[in-house]
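What follows is one structure encoded as structure tokens, with my remarks underneath.
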Amino acid sequence: MRLRITFEPYGDVARQPNKHAVQGFIYNLLKGSEYGERHDEPRFKFFTFSDFFTDSTGRPTLLVSSPEKGFINTLYSAIREKKSVYIGRQELEIVELKKFKLPLRRAFQTGSPIVLYRNAEKNEYFKLHQHRDLRFFLQRLKENAEKKYEAFYGEDFFLEGPIFDRLIPNLRTNGKLDVYVKVVKNGIPFPVIGSNWELLEKERIKPEERRFYRFIMDAGLGEKNSLGFGFLNPLRR
């Protein structure tokens, strides 16, 4: 399930907010609800959000997705009572709010970079431009998705074959594939490295796999989903 929030900035043109600030904005909305302790729970958070983008009228817009309907309903109820909000130090007027559910597709496009660790103990990220190992990328992506799915539904699951059959990365204007995102937490900046994708496609989704692909469509792919990474948009092919 998804939530679309469209803003109007006060004064200056809206800036792309720091992802930790957006995460904090979401957690603040959850305070006092059944999801109020989600930030401190030692488990997957089961939500993600897109990078900010502009709608057809040029207004900054944010998408939040989660496989938990109650989570999205809670955010919706909390935002509906507000005329404006702060994300970091930036005040934004709320001009449109909509919750919705998208049909499952066989093809996806990223709305924020997918992040994977090459070596989590060394805090080393997988760099597509440097490592160029799509087998490693697909295998780690699949293992991570299966682990989150099993934690959410409380049942074992194994996906036969690769998670995607066709992949087209988003090549940046500088010729690089990797995206370096500066995240600031408690005043301390640190880089998170990921990659954006024009296309992630599964040729055929079997009936018994549909719930899995619907789950990753809403929960996100890869690491650091609750920090706004791995957001997916389904594509009509």
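The values are calculated or read from the model by the stated rules, or taken from the named source; none is laboratory data. This one's a predicted model, so the numbers in the text were calculated from it and none came from an experiment. Glycine also receives a Cβ, built like all others from the backbone with ideal geometry; neighbour counts cover every protein chain displayed. The area values use the complete protein model at the heavy-atom level, side chains included, leaving out ligands, DNA and RNA. Shrake-Rupley method; radii C 1.70, N 1.55, O 1.52, S 1.80 Å.
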* Between residue 167 and residue 152, with labels modelled 7 Å along Cα→Cβ, what's the label distance in nm to one decimal, could you check? => 2.0
* Alpha carbon convex hull of segment 49-137, volume per residue in cubic angstrom -> 190
* **Estimated inter-spin distance, residue 83 and residue 203, nm [label 7 Å along Cα→Cβ]** => 5.7
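Given the pairs 147/224; 31/101; 127/185; 45/185; 148/176, which span a C-alpha to C-alpha distance of over 20 angstrom in this model?
Details: 147/224 14 Å; 31/101 24 Å; 127/185 23 Å; 45/185 18 Å; 148/176 30 Å.
Beyond 20 Å: 31/101; 127/185; 148/176.
How big is the shadow of the Cα convex hull of the chain, averaged over all directions, in nm²? Don't skip to the end; give the middle numbers.
Values: hull surface 54.9 nm².
The Cα convex hull of the chain, projected and averaged over all directions, gives 13.7 nm².
Once the piece of chain linking residue 37 and residue 104 is laid out straight, how much longer is it, given 0.36 nm per residue of separation minus the C-alpha distance between them?
Length gained, residue 37 through residue 104: 21.1 nm.
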* Put one equal scatterer on each alpha carbon of segment 169-224, apply the Debye formula with no solvent term, and list log10 I(q)/I(0) at q = 0.17, 0.18, 0.24 1/Å to two decimals. => -0.77, -0.82, -1.02
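Return the calculated 222 nm mean residue ellipticity for the chain, to the nearest 500 deg cm²/dmol, obtained by summing -39500 (n - 2.57) across DSSP H runs with n ≥ 4 and dividing by the residue count.
On the way: 5 runs with 58 residues, N = 237.
Only helices count here, giving -7500 deg cm²/dmol.
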* To do: Using only the alpha-carbon atoms of segment 1-93, report the extent along each of the three principal axes, biggest first, to the nearest angstrom.
  => 38, 24, 23
* Asked: Mean separation of Cα pairs under 8 Å and 6+ residues apart, divided by the residue count of segment 99-229: what relative contact order is that in percent?
  -> 37
* the chain: DSSP helices with Cα axial extent of at least 30 Å and average Kyte-Doolittle hydropathy no lower than 1.0 -> none
* What are the lysines whose alpha-carbon lies under 18 Å from the alpha-carbon of residue 99, with same-chain residues fewer than 8 places away excluded? -> 69, 82, 83
* Exposure rank, largest accessible area first [1, 217; 1.4 Å] -> 1, 217
* For segment 123-216, the spread of Cα positions along each principal axis, largest first, Å -> 43, 32, 19
* Asked: Under 15 Å from the Cα of residue 206, which aspartates and glutamates turn up, not counting those fewer than eight places away in the same chain?
  -> 160, 165
